[in-house]
Structures are given as structure tokens and as C-alpha cells.
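The values are calculated or read from the model by the stated rules, or taken from the named source; none is laboratory data. Every value quoted in this text rests on a predicted model; they were computed, and no experiment measured them. Note that each Cβ is placed from the backbone with ideal geometry, even for glycine, and that neighbours are counted across all protein chains shown. Protein only, heavy atoms only, side chains kept; ligands, DNA and RNA dropped before computing areas. Shrake-Rupley method; radii C 1.70, N 1.55, O 1.52, S 1.80 Å.
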Amino acid sequence: MPIDERSTTERPAEEEPAVELIGRAEYGRVATSMRALPFLGLARHIVVDGRILLRMPRACGYHRACAGSVVAYGTDNLGSARPGESLWTAQVVGRCEPVEPTAAELELFGPAPRFVDGEPFEPVYLGIAPQFSSVHSTDGGQEPGLSHTR
């Protein structure tokens, strides 16, 4: 797989193909480890100034493992591609930190679910500053590979 060594001074994070593709989807999966075991957690996301902002349910506790750690976050169009459209997956890797979203960012997230796993939904917000990104696609739809974004 080719590695693109351009820094964000040459290509801002919001122009990275993975960040742009993630911005097309509403939900994705965050991957990190909890108690030395890997896990995937569902999150609603938005892209703001090249950063990925996540909204996760507090009750699951995944935010505690993510905050202050390096995480991977990815999404795809595997279940939503239209006929004839290339399939793609996009992933970023970076440090994840708690964030306090602005009113405008909260509006971009849209309505929250009422319940998660039978519990009232209480949101936790995290931000990921992408350091690396990757995109994979079928039928030549996107440039494959790993990019250094910062």
C-alpha cells in the first residue's frame, strides 16, 4: 500500500479523502481497547474544520476508554451505496479528547436518540484530530492507501 507523507501544511485535514468521506456518513465505529481488550463503539459524528466530533452514549462507558487515547474511527457506504456506486471505507487514527460542542455543532448532530440499550440517552462528546487516514474502495472509486494528515 502506498504511503503519502504529505503533512497538513500541504493538504489540510478537511481536504483529506478519508475525512471528506467520513463527512458523508452520519454514524461510524470507534475502535480502541478497554481493560486490554479491543472493542468497537457506535458513534454519531460530524466533521468540523478537519476534526471528527463524536456523540456517544454515556451509559456504555466507552468514552472513558477513548478520552486521552489514540483511537481509530471509521465508516463506510457498504449498506447505503446506490446501484453502480463504488463501495468505500474510510478510517482516521488520532488522539481522542473530550470536547464541549458549540450550539452550532450540537445542531449539526441533529436529534439524539431517546434511549440506548433501554437507558435514557445522555450524550458524551469527543473529538479526534486525525493523524493518519486510510481509504479503500472498489472499482477505482477512491485513491487507496494510508495518508499522514498532520
**Request:** Identify the residue in segment 3-27 that is among the hydroxyl-bearing types (Ser, Thr, Tyr) and surrounded by fewer than 16 Cβ atoms within 10 Å (Cβ to Cβ) and, among all such residues, is modelled with the highest pLDDT.
**Result:** 27
**Asked** Which ones in segment 81-90 are surrounded by 12 or more Cβ atoms within 10 Å (Cβ to Cβ) and without any contact (Cβ under 8 Å) to a residue 12 or more places away in the chain?
**Response** 81
**Asked** On the given criteria, is residue 45 surrounded by 20 or more Cβ atoms within 10 Å (Cβ to Cβ), modelled with pLDDT under 95 and of a type outside the set (Ser, Thr, Tyr)?
**Response** no
**Item:** Matching residues, segment 48-79, being open to solvent by 20 Å² or more (accessible area, probe 1.4 Å), of a type in the set (D, E, K, R) and within 20 Å of residue 105 (Cα to Cα)
**Value:** 49, 51, 58
**Message:** Just the residues that are open to solvent by less than 30 Å² (accessible area, probe 1.4 Å) and hydroxyl-bearing (Ser, Thr, Tyr), please, taken from segment 28-42.
**Reply:** 32
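Yes or no, residue by residue, for (1) surrounded by fewer than 12 Cβ atoms within 10 Å (Cβ to Cβ); (2) in contact (Cβ under 8 Å) with a residue 12 or more places away in the chain; (3) of a type in the set (A, V, I, L, M, F, W, C):
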| site | (1), (2), (3) |
| --- | --- |
| 92 | no, yes, yes |
| 96 | no, yes, yes |
| 99 | no, yes, yes |
| 103 | yes, no, yes |
| 106 | no, no, yes |
| 109 | no, yes, yes |
| 112 | no, yes, yes |
| 117 | yes, yes, no |
| 123 | no, yes, no |
**Complete:** Taking segment 114-123 and keeping residues within 17 Å of residue 62 (Cα to Cα) and either in a loop (DSSP other than H, G, I, E, B) or touching an Asp or Glu at 6+ places or on another chain (Cβ under 8 Å) (or both) leaves 117, 118, 121, 122
